[in-house]
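The values are calculated or read from the model by the stated rules, or taken from the named source; none is laboratory data. Not measured: the values here are computed from a predicted model. Every residue, glycine among them, receives a Cβ derived from its backbone with ideal geometry; neighbour counts consider all protein chains shown.
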Amino acid sequence: MNPTRRLTVIAIFTSLAIATDYGMAPVANVKLVFTLVFASAYAFGFKTGTTIAILTEFIWGVISPYGAPTLILPFLMGATVIYAFAGWGASKIWGYNIRPASYLNIFFGSIMAICAFFWDTTTNFGTAVLLYWPNITLEKFLFTDLNPLTLYFTVSHELGDFVLGSALAPVIIVYFLKVFGQPGNLAISMNKSPQENKIPASP
């Protein structure tokens, strides 16, 4: 993919992530950004997904209705990169010859739910560090990570990622591969040969 197309992909996914962050703000810890990062890395590679993850968290941290960014921002950006790594890794396992609806929907949703667990653990660790430094202890981290309010947000995050990942990740991947296809990426038909499934590079 040439630099212009890569920048276009990054701009589109980042804009969608920010817009949906605002739209879904009333829903506790459920965001489409995680599905978008996973799908972008699956379709266009780890670097692209990571760029989208970092840009989205940084911009959202600045313009968020919840207030100005704090020292938790690096933890948020790093945690969201987990989804980029997962999407890139999944593409190496299942390739690009996927359908919008198949058994992979459940796999993608499950992978994203696992990512949500690690995202929450990472950001809760960051919260504990900022709250208790330099007197951070395992007990204080576990209290931050496992108190009832935190668990509520964790469960809602994991369920939300499972549902959104199952329903939308394959659709987003297939659609954007068709729009921004490049040599070696495959279309959605499982009944065609690899040669027939290749998406030609756009001029």
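Pro100 falls short on exactly one of the conditions (1) assigned to a helix (DSSP H, G or I); (2) farther than 14 Å from Glu158 by Cα; (3) of a type outside the set (D, E, K, R); (4) in contact with a helix residue (DSSP H, G or I) (Cβ under 6 Å, 6 or more places away or on another chain), and that condition is (1).
Criterion applied to Tyr66, Tyr132, Tyr42 was being closer than 22 Å to Leu177 by Cα, hydroxyl-bearing (Ser, Thr, Tyr) and out of contact with any His (no Cβ under 8 Å at 6 or more places or on another chain), and the one residue passing it is Tyr42. Output the residues belonging to region 78-96 that are of a type in the set (Phe, Trp, Tyr) and under 11 Å from the mean Cα position of the chain (by Cα). Scanning region 78-96 gives Tyr83, Phe85, Trp88. Is it true that Leu16 is surrounded by 16 or more Cβ atoms within 10 Å (Cβ to Cβ) and not basic (Lys, Arg)? Taking the combined requirement at face value, the residue satisfies it.
Scanning region 122-151 for residues that are surrounded by 14 or more Cβ atoms within 10 Å (Cβ to Cβ), modelled with pLDDT of 85 or more and hydroxyl-bearing (Ser, Thr, Tyr) yields Thr122, Thr123, Thr127. Those helices (runs of 4 or more DSSP H) of region 1-77 in which 2 or more residues are over 15 Å from the mean Cα position of the chain (by Cα) occupy 3-23, 46-63. Close Cβ contacts (under 6 Å, 6 or more residues apart or on different chains) running from residues in region 1-29 that are within 15 Å of Ile52 (Cβ to Cβ) to residues that are of a type in the set (A, V, I, L, M, F, W, C) and not in a helix (DSSP H, G or I) comprise Arg5/Phe180; Val9/Phe180; Thr20/Leu32.
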